[in-house]
Every structure is written in structure tokens, then in C-alpha cells.
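Take a look at the structure below.
The values are calculated or read from the model by the stated rules, or taken from the named source; none is laboratory data. Remember, predicted model here, so these are calculated numbers, not experimental data. In this analysis, Cβ positions are derived from the backbone assuming ideal geometry, glycine residues included, and neighbour counts consider all displayed protein chains.
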Amino acid sequence: MSRPPPHTFDRDLARQDLQSLGDADAVASFFAALGYDTNARTIQTAGNLGITADGAARAIRKIELLADHDGAFQVYLFEVASVTVALTRALARVFRNRTGNYLLALTSDYQQIDFVLLERFLPPSGRSAGPAPPQVGIRPRILTLERRN
């Protein structure tokens with residue numbers, strides 16, 4: 001049985017591609033090699049992104065927009081004190097009401113990187129309160145990369 005041809009966007013990754021993700025420049029280069037437009041790479045602040053929750057803002061050491069595809073899909077790198085479920089959820093809430101689609105890379109030391117795709121969804125019908133239309137929810141889909149494993 002023959003294998004179907006790969007999609008034009010498919011790229012085989014080697015172990016060294018992932019093990020080399022030791023700093024922000026390496027992560028940006030990784031996304032550039034995957035075909036993302038990293039020309040808009042920009043340092044951000046928590047205030048710029050509307051991150052006002054004290055705990056979330058305090059946990060963030062650095063934010064960088066790594067890739068931007070016409071504002072429709074953006075990749076952000078967050079260097080944080082500690083990657084926690086609470087922080088991931090707080091960031092997902094920040095991006096819920098923003099236009100576009102987002103992939104977040106969260107790390108505290110580049111030994112472990114959580115890639116978080118923010119997936120939008122509509123709640124099941126019949127669960128809205130009152131006559132207001134249901135509000136779009138956001139579900140973080142997390143892929144954790146242990147760089148040395």
C-alpha cells in the first residue's frame with residue numbers, strides 16, 4: 001500500500017530541530033523554518049495585550065510576537081516565572097475576545113515549552129442564559145515539549 005503524498009505545508013522534524021530551541025531566537029527561527037512570517041517579530045508588554053490580572057502580569061518576564069499572518073494568526077512567546085495551568089487559562093481568557101487565532105509558546109527555562117493553540121468553540125445550544133446569543137468560548141490545546149527528551 002502506497003503512502004499519500006505529503007501536504008505542501010508538511011515538514012519532517014528531526015530531534016535536533018526541537019533540541020535546539022534554547023532561546024527566543026531559536027524558537028523564532030524554528031517557526032520561520034516551518035513557513036511562518038517572522039518579519040513582524042516585536043517585543044510586547046502585558047499592558048499592550050490587555051493582561052491586567054495581577055498574578056498573570058507578575059508571572060510574565062518577557063512577551064514577544066514571533067509570527068504574524070496578516071493579523072489572522074499570530075504566534076506569541078511568553079517567558080514566565082513558572083508555567084502553570086492557572087497562567088495558561090488566564091492567558092486564554094485574555095485572547096478570547098480578540099480577533100484572530102493564536103498560538104502561544106510558554107516557557108520558564110526553555111527546557112520545557114508548552115505550545116498552546118487557542119481553539120474557539122460555541123457552547124452547545126440551549127445553554128445560553130436569556131435571549132443573548134451564546135458567547136464564543138476558548139479552549140487551550142496544549143502540546144508540551146521536553147526539549148531533552
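Assorted remarks:
- Where a residue in region 95-109 is closer than 11 Å to Val80 by Cβ and its partner, wherever it lies, is part of a loop (DSSP other than H, G, I, E, B) and of a type outside the set (Asp, Glu), with Cβ under 7 Å and at least six apart: Leu106/Val83; Thr107/Val83; Ser108/Ala81; Ser108/Ser82; Ser108/Val83
- Hits in region 24-61 - residues which are surrounded by fewer than 13 Cβ atoms within 10 Å (Cβ to Cβ) and not in a helix (DSSP H, G or I): Gly35, Asn39, Thr42, Ile43, Thr45, Gly47, Asn48, Gly50, Thr52, Arg61
- Taking the criterion of being among the charged types (D, E, K, R) and modelled with pLDDT under 95, the residues of region 62-100 that qualify are Asp68, Asp70, Arg89, Arg93, Arg96, Arg98.
- The residues of region 101-127 that are at pLDDT 90 or above and outside any strand (DSSP E or B), listed by number, are Ser108, Asp109, Tyr110, Gln111.
- Residue within region 22-40 that is at pLDDT below 90, at positive phi and among the small types (Gly, Ala, Ser) present: yes
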